[in-house]
Each structure stands twice: as C-alpha cells, then as structure tokens.
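Have a look at the structure below, then the notes.
Bear in mind that the values in this text are calculations on the coordinates, not laboratory data. Keep in mind the model is a prediction, meaning the values are calculated, not measured. Neighbour counts are summed over all protein chains in view; Cβ atoms, including those assigned to glycine, are modelled from backbone coordinates with ideal geometry.
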Amino acid sequence: AQSVAQPEDQVNVAEGNPLTVKCTYSVSGNPYLFWYVQYPNRGLQFLLKYITGDNLVKGSYGFEAEFNKSQTSFHLKKPSALVSDSALYFCAVRDVGPGYSSASKIIFGSGTRLSIRP
Amino acid sequence: NAGVTQTPKFQVLKTGQSMTLQCAQDMNHEYMSWYRQDPGMGLRLIHYSVGAGITDQGEVPNGYNVSRSTTEDFPLRLLSAAPSQTSVYFCASSYGPLNTEAFFGQGTRLTVV
C-alpha cells in the first residue's frame, strides 16, 4: 500500500533562512507526489507536484521540492523563509494500486507545522 | 468561480442525531472525496467517488454514508452521530486521477456532544 511519512511534527526557522520540510514515501510503481499547505481555519491548497521528469519541482510562493528516488524522499524547500510561510504542510501521494477507482485516492502524511520567527 | 463549497462551516450535534454535510463543486470534476482531519493524524479518507453513481469506501467509512447522483454534488451523511466523529471534515475534488491535484473546500467543523 502507498504511504507517506513526515518525520517532524514541527519545524522552526528564522525569517530569511532556508527551510526544509521532510517527506519520505513508499509506493509500488511510479510515485505521484504532492505538497499541500493549510493556513489556520482554511482548507488545503496545492503547492506543487512531481509526476515525472526533472527531480527539482518548482511551485507556488517560491517553494520547491526535490524528488530523490534512491532515498524515496520528496522534501519541500525554500531558499529564504517568510513569516507568512507559517502554516501546516502536508505531503501526499496518489494511490496507484489496482482497480479503476483506486487512483482517485490521495494518501496524506500526518503534517508538519512550520513556524517562522521574525 | 466558487470551486468547492462546503456547508455548513460549523455544526454541533447531540449524540444519536443525524445530519448531512453538503459539498458542491462547479469545475466539472469527476473525482470527489471526503476526508476528516484530526490532530496529529493528518487527513483520513472516508469515502470517495470517481463519477456520478459510483462511490467507494476509504480508510474510515464506518458511521458515514455518501451518494453521488450528480457530478456536482457529493453529500456526506452521518447516520447516528457519536463523539468520536468530532472532527473537521473536508471535501475535495479533482479533474482526473494520478497526476492531477485536488481542490479542497473550506471545511466543516463538527462537534458531537
């Protein structure tokens, strides 16, 4: 079964410093990986995705993620953090198990709370 | 363009009551899903649908029913509310499988007392 793990419940970074939010995955077959962000009292918003091709994926708000097949990782990064980046971040993977309907399922990690201090 | 609309935003139920959480999308997406979000557990899939008339169970389906009579609507029914169903519920839709991202509603915060 497909799964994702976010090993850190919380990441604290000073404004202006680079940030990394970690994600590892376990899939059978090709991975379809996503990052979402959730601001307080809001729904999840799509940030970026890896489907195929370049291992470095660029997304919204200056975020990027690096796909590493050998380490089965998809870490989210940003060169210079902003206080407004403080939010809850979720890594996710599409279920590519057997069956027509299984591909509609998205499996989420437990989330990492990112806190950027001024 | 409204996207994914969920109603109500907040709800308090007594144990044993039933209710329906509404979800509608105006993007003509085939795929729709319901998730619940609990602290430290991420989002867990309750039910999902790949098109009108087709639904399937997710990870935590017990106590919930769904139907998909139209492409636009995907209501979630709580049959007999229990305190364990206190959670934040999110509806999501996507255009297709695998390589497409999901769009989420704003959520419904449900408290069962």
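Relative to the Cα centre, what is the charge dipole magnitude of the protein assembly as shown, using +1 at the beta carbon of each Lys and Arg, -1 at the beta carbon of each Asp and Glu, and rounding to the nearest 20 debye? Kindly include the intermediate steps, with their values, before the conclusion.
Working: 18 positive and 16 negative charges, 77 e Å.
The calculation lands at about 360 debye.
Could you work out which residue, out of B:Val12, B:Val66, B:Val88, moves most in a Gaussian network model of chain B, that is, has the largest mean-square fluctuation with Cα springs under 10 Å?
Result for chain B, Cα springs under 10 Å: B:Val12 fluctuates most.
Can you tell me the dipole magnitude for the range A:8-85 around its Cα centre, using point charges on the Cβ only (Lys, Arg +1; Asp, Glu -1), in Debye to the nearest 20? Walk me through the intermediate numbers first.
On the way: 7 positive and 7 negative charges, 39 e Å.
Around 180 debye, computed over the range A:8-85.
What does the convex hull of the alpha-carbon atoms of the protein assembly as shown project to on average, in nm²? Could the numbers behind the result be given before it?
Details: hull surface 50.1 nm².
It is 12.5 nm².
Nearest 20 debye, what's the magnitude of the dipole of chain B about its Cα centre given +1 on Lys and Arg Cβ and -1 on Asp and Glu Cβ? Can you show the working numbers first?
Working: 7 positive and 8 negative charges, 95 e Å.
It comes to approximately 460 debye.
For a quick check, take a GNM of chain A with Cα springs below 10 Å and name the residue from A:Tyr36, A:Tyr89, A:Tyr61 with the largest mean-square fluctuation.
Largest GNM mean-square fluctuation: A:Tyr61.
How many lysine pairs are close in the protein assembly as shown, with Cα atoms under 19 Å apart and the two 8 or more places apart or on different chains?
Summing the qualifying lysine pairs gives 14.
Which of the listed residues, A:Leu19, A:Thr72, A:Gly29, is farthest toward the dipole's positive end in chain A, when Lys, Arg count +1 and Asp, Glu count -1 at the beta-carbon?
It is A:Gly29.
Please check: in the Gaussian network model of chain B (C-alpha springs, under 10 Å), which one of B:Pro39, B:Pro61, B:Pro83 has the largest mean-square fluctuation.
Sorting by GNM fluctuation, first place goes to B:Pro39.
Considering the options A:Ala87, A:Gly109, B:Ser18, tell which one lies farthest towards the positive end of the dipole of the protein assembly as shown, charges being +1 on Lys and Arg and -1 on Asp and Glu at the Cβ, about the Cα centre.
B:Ser18
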